[in-house]
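Enquirer: One structure coming up, written as C-alpha cells, with questions to follow.
What follows draws every value from the coordinates through simple rules; no lab data is involved. In this text the structure is predicted, and so the values were computed from the model without any measurement. A quick note on method: Cβ atoms are made from the backbone with ideal geometry, for glycine too, and the neighbour counts reach across all protein chains shown.
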Amino acid sequence: MSIPADLKYTKSHEWVRLEADGNVTVGITHHAQELLGDMVFVENPTLGRQLRAGEECAVVESVKAASDVYAPIAGEVVAANGDLEGAPESINQDPYAAWMFRVKPAQAGDLDALMDAGAYTAHVDSEAH
Amino acid sequence: MLIFEHTQPGRRAHSLALSDAQEAHDLPAELLRQQPPLLPQASELDVVRHYTRLSQKNFSIDTQFYPLGSCTMKYNPRVCNTLAMLPQLLARHPLADADTGQGFLVCLYELQEMLKEITGMAAVSMAPMAGAHGEFAGVAMIRAYHDARGDSARREIIVPDAAHGTNPATASMCGYTVREIPTDRQGNVDLDALKASVGPHTAGLMLTNPSTLGVFEKSIVAIQNIVHEAGGLSYYDGANLNAILGRVRPGDMGFDVIHMNLHKTFSTPHGGGGPGAGPVGVSERLRPFLPIPYVLEDLGAYRWAEEGDCPRSIGRMSAFGGNMGVLLRAWVYARMLGGRGMRRVAEFATLNANYLAAELKRSGFDLAYPERRASHEFIVTLKKLKDTTGVSAMDFAKRLLDYGFHAPTTYFPMLVPECLLIEPSETESRETLDAFVAAMVKVLEEARMQPEMVKGAPHTLPVRRLDDVRAARELDLTWKLG
C-alpha cells in the first residue's frame, strides 16, 4: 500500500497536496482505488463551486460501485482534471498523479486538521477486517 | 448470437391472422407504413431452438445451486405459479367491479392479514411494486408523519454502513440528507455513534436486519429506544425477512415501518429486474399515511380502498392492484406454509447458512465475522489469498462456474475486502451444500497451486471472462440491422 509522506489525508480516503500557489490538489488514495477496483467513470465538481468541508463534491464509479468523493476542506473549485473523463483508469494506474480537482482554501490553516501519512496508515489499518 | 442474426429473408412462422381479417382501409396515408417493420425473419423451429439454447447456457435455480448472497435465490414451488396463473385470475380485467371478483380480493385481503401477522405491524399496503418502491413508500410515510405534526426541522435519516445500498438512496429520494454511522467489529451498529448522531434533526433510522453482513443486530431494542427518544421513527428494511419468519417480528421490536420483498421470500422467480412486490407494514401512528391501493373489508364484502377512505394517504403507488402475479404467488406460498411452515423456513435457512459457514471455516476459509452466528447468509473474505497468490474474489467466483455452481455475491458488502457473500437458502439439501464445499476447497487448492489458471476462469463455459471494465466504459446496448 502506497501512502506518500508529503501528502495530507482524510478519513474518507482522499489525498490532499498543498501547492506553491496556496491552492490544494485533491485525489483518491491508493487504498481507495484498490477497494473500488477498475474505474469506469469520474465526475468532477464544476469550476467556481463553493465547497463546504466534508461535502460530497465528486463521484468515482468503478465496476464494483459508485462512490462519493468529499471535499477535504472548504473553498472554491479552481481546477478539475479533464483528462480523467477519457481515462478514468489513470486513477488505478497512479492515484497520486491522477489528481481530480483543485480548491482555493477558504482559510489557509484548514489543512492542518487533516491526517498526515502516519495517522492515515493507522486509520486504514483500523478499518481492515 | 441474437435472434436477428438468424434471419433468412422471407422466412417466417405461421401467421396467426384469421383469413377473414379486415384490412383497415380508412387510415390516413401518411400514417401507413411504407415498408414492413425490421423484425427477425426465422421459422418457428429456429426460434424455439434459439431460445432453448440460450436457456441452456444460463445458470438458474432450476439447474444449479445459486448461493447469491442478499438475493435469496431459493426454490419457488411450481404450484405457486400454477395457481397464480389460473385463467380465472389471469383473465380478470383490472377495472372489473369488485362484486365480480370477491374471491380474488379475498386472496389479497388474506395476504395483507398474513403479512400483518408475520411482521407484527398494525396495517399493510401491498401497493409498492418492488423493494425500492416499498422503501420509498416507507420513508415518504415517515416524512408525511413529521410534516403532519409541523415538525419540519427533522431533515436527516440515519443509515448504518451495513445497510442495503438502497437505504441511503431512498432517504435522498424523499428529500432527506443521509447520515451514515459505522458498525463495530462484530457487525453491530455502533451505539455511541448513533447516540451522537440523533437529535431534533433526526427524522428516522433505516436499519437493514439481518444486515448485509449476515448478522442479526444485537442491540436492536436499544437502537429503537435511542431513535424514538430523539423523536425519530424507525424503519426496518425487511428484504432479508427469510431468516426471521415466524421467529421474531419487527412490530414487536417497536419498528414504525417495514417493507418486505415478497419476490424474494414468498416464491416469485426473481433476478434480472424481474417482477417484484414490496409491501409496507406500519405501526398505528403511520396507518393514516399508507399508500393505496389496498383491500378493505366491509361486513364480509371486499373492495379497494380509494382516496376518500384515507385522505391522509401518501397517495396511489400503482395503477391497479399492485404487482398481482407476485401477490398471488405469495398468497399461495403463505397458505401452503402456514405459521409453522414459515418458522421452518427461517430455521432451515439459518441452519443451512451456519452449516455451510462452519464447513468452510473448517476447510480453511476465513469468515469475516467468525465469532458471530450467521443468520441467512455469511461472508467469506479471500483477502489473504489475494495477498499471497493474486487470486481475487472475482477470479475465485468465476472458477466456481466451471464446477457448475452459480457464484456467490462478490465485493458486496464493500465493508469487507475480497468478499464472497453466501446465502444457501432453506431449500438446498445437505448433499448440495457438501458438494459446494468440495468445489470451494478444490478452487482454493487450485488458487495456491495454479493461480494463473484460476485467474483465467471460466474455462468450460460458452462465454469466457467478460471484459466488464470495457463494457462499462464503452456501453453499447443496441443492435443495428443490416
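Enquirer: Measure off 7 Å from each Cα along the Cα-to-Cβ vector at residue A:97 and residue B:32, then give the distance between these two points in nanometres to one decimal.
Expert: 6.6 nm
Enquirer: Follow-up question, since we're still on this one. If you take the alpha carbon radius of gyration of chain A and divide it by 2.2 N^0.38 Å, what ratio comes out, to two decimals? Each step should come with its number before you reach the end.
Expert: Working: Rg = 13.5 Å, N = 129, 2.2 N^0.38 = 13.9 Å.
So chain A has a normalised radius of gyration of 0.97.
Enquirer: Nearest-5 percent of antiparallel DSSP beta bridges in the protein assembly as shown? Please list the in-between numbers first.
Expert: Working: 47 of 65 bridges.
In the protein assembly as shown, approximately 70 percent of DSSP beta bridges are antiparallel ones.
Enquirer: Further question: Of the cross-linked pairs A:11/B:384; B:384/B:455; A:64/B:383; B:386/B:442; B:195/B:218, which ones have a Cα-Cα span greater than 20 Å in the structure shown? Provide the component values of the computation, followed by the final result.
Expert: On the way: A:11/B:384 24 Å; B:384/B:455 16 Å; A:64/B:383 16 Å; B:386/B:442 16 Å; B:195/B:218 16 Å.
From the list (A:11/B:384; B:384/B:455; A:64/B:383; B:386/B:442; B:195/B:218), the Cα-Cα distance tops 20 Å for A:11/B:384.
Enquirer: Take peptides B:261-268, A:100-107, A:121-128 and line them up by average Cβ neighbours within 10 Å, highest first, as a rough protection proxy.
Expert: Taking the mean over residues of other Cβ atoms within 10 Å, the ranking is B:261-268, A:100-107, A:121-128.
Enquirer: Skipping prolines and chain starts, which residues have an amide H placed within reach, meaning under 5 Å, of the one on residue A:69, given they are 5 or more residues away or on another chain?
Expert: A:57, A:58, A:59, A:60
Enquirer: Moving on. What is the magnitude of the charge dipole of the protein assembly as shown about its Cα centre, with +1 placed on the Cβ of each Lys and Arg, -1 on the Cβ of each Asp and Glu, and no other charges, expressed in debye to the nearest 20?
Expert: On the way: 57 positive and 75 negative charges, 295 e Å.
That gives the protein assembly as shown a dipole magnitude of about 1420 debye.
Enquirer: Enter the mean number of other protein chain beta carbons within 10 Å of the beta carbon of each residue in A:33-39, as an integer. Could the numbers behind the result be given before it?
Expert: Numbers: counts 0, 1, 5, 2, 5, 6, 3.
Taking all residues of A:33-39 together, the mean is 3.
Enquirer: Sum up the charges of everything whose Cβ sits under 13 Å from the Cβ of residue A:57, counting Lys and Arg as +1 and Asp and Glu as -1, but leave residue A:57 out. Provide the component values of the computation, followed by the final result.
Expert: Working: positive: A:49, A:52, A:102; negative: A:14, A:43, A:55, A:56, A:68, A:76.
Local net charge: -3.
Enquirer: Could you tally the net charge around residue B:454, taking each other residue with its Cβ under 13 Å from the Cβ of residue B:454, Lys/Arg +1 and Asp/Glu -1? All intermediate terms of the calculation are to be shown ahead of the outcome.
Expert: Working: positive: B:386, B:398, B:399, B:442, B:448, B:455, B:465; negative: B:395, B:402, B:445, B:446, B:452.
Counting the neighbours of residue B:454, the net charge comes to +2.
Enquirer: Relative to the compact globular guide of 2.2 N^0.38 Å, what is the alpha carbon radius of gyration of chain B, as a ratio? Numbers along the way, then the final one.
Expert: Working: Rg = 25.2 Å, N = 482, 2.2 N^0.38 = 23.0 Å.
That works out to 1.10 for chain B.
Enquirer: Suppose R0 equals 22 Å; then what is the FRET efficiency for residue B:5 and residue B:465 from their Cβ-Cβ distance, rounded to the nearest 0.05?
Expert: On the way: r = 23 Å, r/R0 = 1.04.
E(calc), rounded to 0.05, equals 0.45.
Enquirer: Please give the net charge around residue B:105, taking every other residue with its beta carbon less than 12 angstrom from that of residue B:105, where Lys and Arg add +1 and Asp and Glu add -1.
Expert: Values: positive: B:92, B:303; negative: B:97, B:99, B:110, B:297, B:298.
Around residue B:105, the charge tally is -3.
Enquirer: Here is a further query. Fewest first, what order do B:331, A:99 take by the number of other Cβ atoms within 10 Å? If you can, show how the numbers build up before the last one.
Expert: Values: B:331 25, A:99 21.
Going from least to most buried by this count: A:99, B:331.
Enquirer: Follow-up. With no solvent and one point on each alpha carbon, what is the Debye value of log10 I(q)/I(0) for the range B:215-311 at q = 0.12, 0.14, 0.17 Å⁻¹?
Expert: Listed by q, the Debye log ratios stand at -0.52, -0.70, -0.95.
Enquirer: Still on this structure, I have one more. Tell me, what is the Rg over Rh of the protein assembly as shown, with Rh the Kirkwood radius over Cα pairs?
Expert: On the way: Rg = 27.1 Å, Rh = 27.2 Å.
Result for the protein assembly as shown is an Rg/Rh of 1.00.
Enquirer: Kindly write out, for the range B:212-223 in residue order, the coupling ³J(HN,Hα) from the Karplus curve 6.51 cos²θ - 1.76 cosθ + 1.60 (θ = phi - 60°), rounded to whole Hz, with x marking Gly and Pro.
Expert: Couplings: 5, 8, x, 10, 7, 5, 6, 9, 4, 6, 4, 4 Hz.
Enquirer: Which loop-located GluC sites (Glu not before Pro) does the range B:432-475 contain, where loop means any DSSP state but H, G, I, E or B and the Cβ has at most 11 other Cβ atoms within 10 Å?
Expert: Details: sites: B:445, B:446, B:452, B:474; in loops: B:474.
Here the sparse-neighbourhood loop sites are B:474.
Enquirer: In deg cm²/dmol, rounded to 500, what helix-only [θ] at 222 nm does the protein assembly as shown give when every DSSP H run of at least 4 residues adds -39500 (n - 2.57) and the total is split over its residues? Present the calculation step by step, with values, prior to reporting the outcome.
Expert: Details: 20 runs with 207 residues, N = 611.
When only DSSP H runs of four or more count, the value is -10000 deg cm²/dmol.
Enquirer: Could you size up the charge dipole of chain B around its Cα centre, putting +1 on the beta carbon of Lys and Arg and -1 on that of Asp and Glu, and report it in debye to the nearest 20? Write out the running numbers ahead of the final one.
Expert: Numbers: 49 positive and 54 negative charges, 188 e Å.
The calculation lands at about 900 debye.
Enquirer: Between the range A:69-89 and the range A:30-48, how many Å separate their Cα centres?
Expert: 9 Å
Enquirer: Order B:246-253, B:76-83 from most to least packed using the mean count of other Cβ atoms within 10 Å. It would help to have the intermediate numbers written out before the result.
Expert: Numbers: B:246-253: 17.9, B:76-83: 15.6.
Per-residue mean Cβ counts within 10 Å order the peptides as B:246-253, B:76-83.
Enquirer: Sticking with this one: Between the range B:19-96 and the range B:185-215, what's the alpha-carbon centroid distance in Å?
Expert: So the two Cα centres are separated by 43 Å.
Enquirer: Separate question: Go from 0 up to the bin containing the longest alpha carbon distance in the range B:344-462, width 5 Å each, and give me the % of pairs per bin.
Expert: 2, 12, 22, 25, 21, 11, 5, 1, 0
Enquirer: Nearest-5 percent of antiparallel DSSP beta bridges in chain B? Display every interim value, and only then the final one.
Expert: Numbers: 20 of 38 bridges.
Within chain B, antiparallel bridges account for around 55 percent of the total.
Enquirer: Taking the range B:80-337 as the region of interest, what is the percent of Cα-Cα pairs per 10 angstrom bin, listed from the shortest bin to the one with the maximum distance?
Expert: 7, 32, 35, 18, 6, 1
Enquirer: Now for a separate question. Between the range B:125-158 and the range B:352-390, how many Å separate their Cα centres?
Expert: Between the Cα centres of the range B:125-158 and the range B:352-390 lies a distance of 37 Å.
Enquirer: For residue A:85 and residue B:12, FRET efficiency with R0 = 56 Å and r from the beta-carbon atoms, rounded to 0.05? The partial results should precede the final answer.
Expert: On the way: r = 47 Å, r/R0 = 0.83.
Step by step, r from the Cβ atoms, then E = 0.75.
Enquirer: Continuing with the same structure: Evaluate peptide B:467-477: per residue, the Cβ atoms of other protein chains within 10 Å of its Cβ; return the mean as an integer. Working shown, then result.
Expert: Values: counts 2, 6, 9, 3, 2, 8, 9, 1, 1, 0, 0.
That average works out to 4.
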